[in-house]
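Some notes on the structure that comes next.
The values are calculated or read from the model by the stated rules, or taken from the named source; none is laboratory data. All values derive from a computational prediction rather than experimental measurement. No Cβ is skipped: glycine too gets one built from the backbone with ideal geometry, and neighbour counts run over all protein chains shown. These accessible areas exclude ligands, DNA and RNA; they are computed on the full protein's heavy atoms, side chains included. Shrake-Rupley method; radii C 1.70, N 1.55, O 1.52, S 1.80 Å.
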Amino acid sequence: MGASQYLKKEDLSDPVDTVLLWVKEEKVTVHGKDTTTRLVAYFEGLSKGLVLNMSNCETLLEITGIDDPNEWKDVSVQLYVDPDVTYGGKKIGGIRIRKPAPVSVSVPKLKVKASQEPH
């Protein structure tokens, strides 16, 4: 991962299935802008937090069903890069959050002999 304190799209080459551990408010300085207080999410297996934008906050609200960010924890999510994210009217790409894809488990069919069939 890059030298930045927070996750950037360049840090994710592939979607990452992870668990949201906690969200907290932090003072964040955006390049070329002032320092503001923002929500930052931290995930299992990732050393950097993700500064949450409104879209990702809305997604976490939908996934958890909880409107208090302090209660967004222990939730399975997938982080991925969406190339269609816009900022300032330009398509720049960015990290988005979604529910992880369901894991399909194939159960092998057992052959049942005629004498073992239920009656």
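Things worth noting here:
- Positive-pole candidate from Thr36, Val23, Asn56, dipole of the range 6-71, charges at beta carbon: Thr36
- Qualifying trypsin sites (Lys or Arg not before Pro) in the range 32-88, DSSP loop, other Cβ atoms within 10 Å at most 12: Lys33
- Estimated distance in nm for a label pair at Val19 and Leu61, the labels positioned 7 Å out from Cα along Cα-to-Cβ: 2.6
- Rolling a 1.4 Å probe over the protein chains gives Thr37 an accessible area of about 80 Å².
- Distance from the Cα centroid of the range 2-33 to that of the range 40-97 is 9 Å (rounded to whole angstrom).
- Set Lys33/Lys73; Lys73/Lys99; Lys24/Lys99; Lys8/Lys99; Lys27/Lys99; Lys48/Lys99 screened for pairs whose C-alpha atoms are more than 24 Å apart: Lys33/Lys73; Lys27/Lys99
- Heavy atoms of Glu62 accessible to a 1.4 Å probe, total area in Å² rounded to 10: 150
- Apportionment of accessible area to carbon and sulfur, the range 1-100, percent (1.4 Å): 48
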